[in-house]
Protein chains: 2
Amino acid sequence: MQYFPAALQELADRFARLPGIGGKTAQRLAFHVLELPLEEAEGFANAILAAKKEIHTCPVCQNLTDRAVCPICEDDMRDHSLICVVAEPRDVIAMERSREFNGVYHVLHGVISPLNHVTQEDIKIRELLQRVAAGQVREVIMATDPDVEGEATAMYISRLLRPMEIKVTRLAYGMPVGSQLEYTDEVTLSRALEGRQEI
Amino acid sequence: MQYFPAALQELADRFARLPGIGGKTAQRLAFHVLELPLEEAEGFANAILAAKKEIHTCPVCQNLTDRAVCPICEDDMRDHSLICVVAEPRDVIAMERSREFNGVYHVLHGVISPLNHVTQEDIKIRELLQRVAAGQVREVIMATDPDVEGEATAMYISRLLRPMEIKVTRLAYGMPVGSQLEYTDEVTLSRALEGRQEI
């Protein structure tokens, strides 16, 4: 590889560090970027910087936003006494696509996963408990993925919430078990929301 | 998608424009970049800009380089009377891996492809003819991909070179027909180089 220019190798290495991008694909992407018009390449670089600079977590629900408080938490038309707890920001988008939910969210940014060294301290459980403790919350819907780690996280959180005397529910198993929330179609997600059960 | 921050959507759109990256993958990559440490993200953005800024084509062989003339063209230990013609810069890397070739290269940056509106004017054929016309070239080895467009391009160029009274050869069909040079293993490529035939 001695005749590969350093800057090209560096770019290919950066691509290869992205999830799901192998060495060969990374090389192809680097060559592609070189062939882009200069404005396109600069636009790409700036999009990375702008995303990092402008986007942060909402102080209320922890979802990603470019505002002081995210549009969902700011929306007075939504039911702020109903909190849907999801693992990742992309799960909020999946829930919104179902058009069935009019409450607000809480994004954990992960699930408890001892195998991956993620403990209850590493995800946004404390922030959820503070929101509930502040009152005005009537119900918390657990909407983590219906797999082992998602279930365990839901059970763990529901146990912490039980003494607070609010309703804690779980999305119904309308979703195929072992699948991921992000890929669930809108209709299935609506069914799961309607049939939610108290835990 | 109204709750997707604009800067995140913009970044996902940029990823989706890369070859082989679909909408869902682009979204995942954008989320991943957001989770990177700031230095990592800035490093990525800078790698794109640096690659665009520092890398250009070698004025002699048209390969990509970050120097005035590429290291292969500058190397006095190589046989400058022997030119290997390839379609893309990545094909140079594949040839170099075979460790059998000690000549220099000429990168066409494409093949003649009427279906994709690529004519003989769009690839670096003129530059090749000028190099050969300048004298000192003994042999030109055509090493375009052994598919329809690669073959047609090799035939077209060999016809232009014939009046110049130099040897024009083609890589032997040691490579499986229909495959791509980039993915050919080193041993097969060595065989193809040894068994090259005059055209």
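Quick notes on this one:
- Cross-link pairs B:24/B:52; A:52/A:124; A:24/B:24; A:124/A:167; A:24/B:52 - those with Cα-Cα distance over 23 Å: B:24/B:52
- Using a 1.4 Å probe over protein heavy atoms, the accessible area lost on pairing A with B, summed over both chains, comes to approximately 5200 Å².
- Alpha-carbon centroid distance for the pair the range A:113-177 / the range A:30-67, whole angstrom: 31 Å
- Global geometry of the range A:71-135, whether rounded, prolate or oblate, following the gyration tensor of its Cα atoms and the 1.5 cut on a/c: oblate
- As a calculated quantity, the FRET efficiency between residue A:77 and residue A:32 at R0 = 56 Å, using C-beta atoms, amounts to about 0.80.
- Sparse packing (at most 14 other Cβ atoms within 10 Å of the Cβ) combined with a DSSP loop state is found for the following trypsin sites (Lys or Arg not before Pro) in the range A:1-90: A:17, A:67.
- Reference-scaled alpha-carbon Rg (2.2 N^0.38 Å with N residues) for the range B:6-54: 1.17
- In percent, rounded to a whole number, the relative contact order of the range A:6-54 is 26, using alpha-carbon pairs under 8 Å and six or more apart.
- Share antiparallel - DSSP beta bridges, the range B:41-159, percent rounded to 5: 25 percent
- Reduction of at least 10 Å² in accessible surface, 1.4 Å probe, comparing all protein chains with the chain by itself, residues of the range B:96-131: B:96, B:97
- Here is the list for the range A:112-199: GluC sites (Glu not before Pro) lying in DSSP coil, each with at most 10 other C-beta atoms within 10 angstrom of its C-beta, are A:121, A:165.
- Mean accessible surface per residue for the protein assembly as shown, computed with a 1.4 Å probe while every protein chain stays in place, in Å²: 48 Å²
- Degrees, to the nearest 10: A:6-16 long Cα axis against longest axis of chain A: 20 degrees
- Helical mean residue ellipticity (222 nm; -39500 (n - 2.57) per DSSP H run of 4+; nearest 500) of chain A: -13000 deg cm²/dmol
- Percentage relative contact order, chain A, counting C-alpha pairs under 8 Å, at least six apart: 15 percent
- Residue with peak Gaussian network fluctuation, chain A [Cα springs, cutoff 10 Å], from A:161, A:189, A:115: A:115
- When the trypsin sites (Lys or Arg not before Pro) in the range B:138-199 are filtered for DSSP coil states and for at most 15 other beta-carbon atoms within 10 Å of their beta-carbon, the remaining sites are B:138.
The values are calculated or read from the model by the stated rules, or taken from the named source; none is laboratory data. Everything quoted here is computed from the prediction, not taken from an experiment. Glycine gets a Cβ as well: all are built from the backbone with ideal geometry, and neighbour counts include every protein chain shown. All accessible areas refer to the heavy atoms of the entire protein, side chains included, with ligands and DNA or RNA removed. Shrake-Rupley method; radii C 1.70, N 1.55, O 1.52, S 1.80 Å.
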